[in-house]
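The values are calculated or read from the model by the stated rules, or taken from the named source; none is laboratory data. Since the model is a prediction, treat every value here as computed from it, not as a measurement. Neighbour counts run over all protein chains shown; Cβ positions are idealised from the backbone, glycine included. Just so you know, the surface numbers come from the protein's heavy atoms only, side chains and all, with ligands and any DNA or RNA stripped out. Shrake-Rupley method; radii C 1.70, N 1.55, O 1.52, S 1.80 Å.
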Amino acid sequence: MTLKKIKKMSIKSQISSELSESISNVLGKNVKILYKSLIRMESRGDKVDNRVLVITAYRIFITTTKIPTRVDNGFHLMEIEALESKKPNHLSITLIHEHKPVSILIGEEGTSEGVINAIHALIAAFDDLFPNVAMEDIISKVNLPFPLQPISGTRKHSTCGDFSNQYAAMCDLCQTPFRAEVAWDIDTIYLAHDIRMLHLKDFDHLDQRDLIPLVMALQHNTWFTGVCGDGVRVGGEAWEAVARLVRCAAPPPAVLSWRAATLRHDHAARLGHALVRARTPPALHTIDLSQNHIEDKGAISVLSGLANNPDGLRQISLSQCGITGKTVTHLAAILNDSAAHLTTLTHLDLSHNNLKDDVHNLYNFLAQPNVLTHLNLVNTETTLENMWGALLRGCAARLSSLKVGRNPWGGRRARDPPPSFRQFFTACLALQDLDLSYCRMPPDALKSLLLGLACNESALGVKLNLAGVLASSQAAHVLESCIHGVRCLQSLDLSDNSMEFELSGIVRAIGKNHSITHLSLSKLTGKRSYAPPLIQALVHVLQEPDTALTSLDLSDCKFKSDLYGLLNALGGARRLRTLDVCGNLAGDAGARLLAKALQCNCTLQTLYIDRNAFSIQGLTDIAHALRRSVSMRRVEFPACDAAAGGRGASERVATLWRELHERLSTNSVVCGGGRVRALALERAWAGGEAAAALAAQAAAALPPPPLQHALERAAAAAHHLLHQYLQRCSEVFAAMGGGGGGAELVTLQAVRDAMAPCNATLQDLLNEAVENLALSACESVDSVDSEPAPSSETDIPDLLSPISHSGKLDYLNLATPLGCRRRERCRRVRPKSVAEQQQCSSNEMLSLPPLHAEAADALADLPANTLRHLVKGRPRRVKTRAPSRPITDQSQDIDEGLDEFWRACRTPPGSEEASSVSARTPLTSRSLHSLSSLASSPRASPRATPRHSPTLRRDDTMYSVTSGESTPVLLECEVSRCKSSDNVGNKMAPTSPPPSRSSDNVNAIGNGCARVAGKARPWSVAGGNAEGAALCTTEGVEACVGGSIVGITPGAALTSSMMRDHPLTPEDAET
């Protein structure tokens, strides 16, 4: 039955046209009237007044019969709580907020036709408002003496379960303005993406009162299955609308998510009370109240309401809610009481709550066979060694994600791990994600974990998180020994571990595992001196041709200049696809090296480079380098670096990255020329110059692909053929008496779209064929280039002729012949750049001398194992004391006092001339390198036996030499200046004294510089042994003029015994 038939079945007393027009004027011309009838309304006692019942789309009005009429009573359809009929012509309407019902009489006594027509009109109004929902599900109590018939409405329903009309009705109920943007978003965006969950975050820009009708519109909507209010702070009225939705909705919502909305325990208590008082059994199977401090009181109230769900729960998330073991005990009791939860519950998240060890009842549930796939107990203070037995018995078959990080392993006394711990990881069949981060496991437990995963033959693609786990060198050794045999791992996270535990060995062991494709080493701690071995190990792993590592994360490690080695070797990483080097403070020098690497790499596709202190110039270098990249497809925008370095140059940054993404968009379409260019880069890094040149020339000379024009012609031909066929079909139907189709049934664009998959397949086949052709050509060129040239004479090695090495071989330290694998690896590592030496200024870089062949030969003569001062670059400590000796004048000539020095050497110490020379010579000398000639004399005395420096003892008359404890001084000379003296340049190196900490002061003082105020320097003799203090030449002094040493009188170290054993003559001084 329809509403039109109901209007025809009107009662005998008709409403006059004047009264109908007056009612329309009172209600408004835009209000659609569905039904109106004369009624008698009961008032006080037995008094009855004549009224008019008017039913509209959203409301029911009772007006007077006088003209002009007025509205005597009115209420919304959603305010009706009960419909009852005590007599055939009687109808009682009970409202939600009114204690006294509205009692009316329709029609004559003893007939129910008027009441039936009014009820049918109400059914039609509810069907217009909530399609496919019965009126009994909307009104809580319907008590009528006759059965209800389905009545169809008068309007056509819109999309998303007619949400727009329902939202308008709720706006009319709440007396709030109708927001057209809300209705448009639901009918357009939600419909296009098939979104079945209402996200209030999309409308949080509205006022709190505007959210109330939005939530109430879901009460009887059949499109949406739940509501999500993550991050939306709701007031009391809005939360009351949510509670009414849970209590009165038909169909009831199945999903409720309200994360990080500052809910308290009173909000959760009201929600739990609504779940208990729901009209129908609650169907809520997924609830997420994480990051709301609802405490035990609110959580227990919500869980008590969810216990009435007959279909079972699926997902429960109470992370960071301030609950304790009391809530977990209540939850475990609910789960154990109903067997339905064992077959439905798949997600359980109780992380970041202080549960401690009050979870034994939960272990009883986990020990039963269940379908749990995700278990999150991160940071719950739960002892880990007690849970593996329950997981082994009930969760080994389906559990795919296990997160138990930031929990203690056991008690204070270290015990062996239980056997169930290893057995669980051996028996788990579907494990995909395992998080044990920041669990201070003993080395035996870590070994059991790795061995258990190594014995697992069912799990594949496991992601293992061991961040912050390596607490000792023993644990690092266990990981290094066992990780290569765990073949089920796909991703390994070693973030926030210390580099002091020899991570380089672990990285090399990971390189031997051919299943790990992602490695995360972010936020590493420790001294920077441990970084170079780690970088070298990473370079070794990435350069291996059979490595499986395709993704590397080195973010927030602050490697600075230590990262340059990895960037130099990035061009030869043939398998790497994703690289994250954010937060390493590499600077513009790192940007330049990265730009060079991007031009050489042919496999890298994704790059993250933010927080590296790149300036606009560094970003420009990277952007220009990406123009030549053949594989890069995504580069994260460095927002921090662009904001710091792009102040005042925003247009330049925008233009720069616009061009960059245009280039990246071209790389997304792989063509034959791009693959040939990638092959050229690979051959160049592998050492095949001829093959690289051939591939580079072929990439530039390749003809354009012919598929586009050919497929266009094929599409046009197919469209013409189909058009002719359809014309013949239409003629056949027309001949049989049917109508012919004049419009075009199949368009050309439809044919193109149908042939698009075929186009992509043909393009892939063409690219593969071109790549194979280029590969065969390169291999043939390499084979021809590798053949030895024919020699007319027999190659007889001349063992008597000296072997001369080129400067390049000396520079690369390749004088010893190496295998082909070694040469290939060295070729794929880019030499160090001048840009790495950031401490040098631009003028110093320009003044660096070129490396000629002579200089290279000279460097080859130096000893191979030279000592390097490890603390030479350490900053000096701030001086807090005043100098104890006067500061010398720097304006004096550096050669002043040499005559007195040699006169003192020729004069016996006890003579009067020696005393006068000592009186005229100051205590501070400016000829440090003149003393170095004394300490490093090539001619050794046969009588000199002590190997340590003598110590000066000061008395009232003179300085005497004793054999006490010495303080050696590091004497460093420039190689180019020492080369001028044969005695100093060639023979001094083997007997040079070991370095000492005094070199810091020597280097800081420099040539003729004054002594810095600070702690007094100990008395010592410059030199490493007594042999070097015997002789001295004027040529060596002139060649080694350097700094000065404070507190030593020149010539005082030459005692009478020394002068007697080694007399110094003017002839010796000249030679």
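A few remarks follow.
- The fraction of Cα-Cα pairs per 10 angstrom bin, counted from 0 for segment 75-202, comes to 11, 35, 31, 16, 7, 1 percent, rounded to whole percents.
- 13 Å beta-carbon shell around Arg277, net charge (K/R +1, D/E -1): +4
- Full-extension gain in nm, Arg155 to Glu381, via 0.36 nm per residue minus C-alpha separation: 75.4 nm
- In units of the rule-of-thumb radius 2.2 N^0.38 Å, segment 116-159 shows an alpha carbon radius of gyration of 1.15.
- Förster radius 25 Å - calculated FRET efficiency between Lys326 and Arg413, Cβ distance, rounded to 0.05: 0.30
- Pairs beyond 21 Å (Cα-Cα), from Lys66/Lys86; Lys403/Lys447; Lys326/Lys356: Lys66/Lys86
- All Cα pairs of segment 444-590, percent lying beyond 21 Å: 39
- Efficiency of FRET from Cβ geometry, Gln208 and Arg393, R₀ 60 Å, rounded to 0.05: 0.75
- Label point distance in nm, Asp187-Ala82, each placed 7 Å from Cα along Cα→Cβ: 3.9
- Note on segment 403-547: dipole from Cβ charges, positive end direction compared against Phe425, Trp409, Asn456; the farthest Cα belongs to Trp409.
- Whole-Å distance, taken between Cα centres, linking segment 149-195 and segment 392-452: 51
- Virtual paramagnetic centre 7 Å along Cα→Cβ of Ile67, amide N under 11 Å, in segment 16-51: 16-23
- With 10 Å bins beginning at zero, the pair-distance distribution over Cα atoms of segment 371-504 amounts to 13, 48, 35, 5, 0 %.
- A Förster distance of 51 Å, applied to the separation of the beta-carbon atoms of Ser473 and Ala756, puts the FRET efficiency at 0.30.
- Beyond 21 Å, the tail of the calculated P(r) for segment 532-653 holds 32 percent of the Cα pairs.
- Overall form of segment 169-269 per C-alpha gyration tensor (a/c, 1.5; a/b vs b/c): rounded
- Gain on full stretching of the segment that runs from Asn361 to Glu109 - 0.36 nm per residue minus C-alpha separation: 84.1 nm
- Set Lys463/Lys512; Lys36/Lys141; Lys527/Lys879 screened for pairs whose C-alpha atoms are more than 21 Å apart: Lys36/Lys141; Lys527/Lys879
- For segment 466-544, the calculated P(r) over all alpha carbon pairs, in 10 Å bins from 0 to the bin holding the longest distance, is 20, 58, 21, 1 percent.
- Against the empirical 2.2 N^0.38 Å (N residues), segment 172-228 has a Cα radius of gyration ratio of 1.08.
- Estimated at the nearest 10 Å², the accessible area of Glu636 is 70 Å² with a 1.4 Å probe.
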